[in-house]
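What follows draws every value from the coordinates through simple rules; no lab data is involved. All values derive from a computational prediction rather than experimental measurement. All Cβ positions, even for glycine, are placed from backbone atoms using ideal geometry, and neighbour counts span all protein chains on display.
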Amino acid sequence: MSLDPTQIDKVANELRSFFRAEFRSKKIKKLDPAFYKNVTSALDSLNEEAEKSLKAQDITAYMDLKKRVSDLEKDFKALFQRRFEKIATLSIYPLDSELMNSLTPEEKEFIVRLHNMMQDQQNLLINKLPPPQETKEEAPKPVEKERETVLEPAEEESVAEPLQEEPATEGKSEFMLVRILGDQPPIAQPDRDYYLHENDLVYLPEQFADILIKRKAALRVDLP
């Protein structure tokens, strides 16, 4: 959803206000369920306007818009670090209704998943869960057969599945290993949305990777 300048200003002001409230409080503050979607829409809208300015050769407007994108991302990172530090700590304890009512849908899904992992680890440490070796020993033959069939496609760095119908030679040439040179805004592509951060090593579709390399946002990595 594209936002107009007034809506973008509102999102930016709310983001800074939420960060100040979150920073000052020991408890986690209630966040609007649509908060993360609104921030994403604001960033997308700013980037769209920046691209239009670049095509129109209005460099001043382009630089101003990219500065706003950078400021919004920095504010979001600060809020994320403070808020998710609390969420990670609270995931160790029972999840009560007051806490869950303060979270967005994305945060609820995350804290439940993290809480379950914490409980599993706690049970594993005091031997309430069987060690992983026991489950493997119960049925060694099926496990070995599964490994034999999965091992070969796994060498294609998880891109083998969507390319199973393509010839093997094409699959290798369509993906490229790159290192991301700086934090990037969310980038929508036909296969999925990409969230790329500085120093990430990722396999990307070759055409998409070439665009990032030309923009000096990524560097190709050739494995020995």
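Hey, which of these cross-link pairs are over 27 Å Cα-Cα: Lys108/Lys214; Lys37/Lys66; Lys37/Lys77; Lys29/Lys66? Too far apart for the 27 Å limit: Lys108/Lys214; Lys29/Lys66. Put simply, the C-alpha atoms of segment 5-125 give a gyration tensor, and the ellipsoid matching it has half-axes of 36, 15, 12 Å, longest first. Counting beta carbons within 10 Å around each of Ser41, Ser25 and listing the fewest first gives the order Ser25, Ser41.
Extension gain, Met100 to Thr40, is 19.4 nm, computed as 0.36 nm per intervening residue step minus the present C-alpha separation. The length gained by stretching the chain between Tyr93 and Leu219 to full extension, at 0.36 nm per residue less their Cα-Cα distance, is 41.1 nm.
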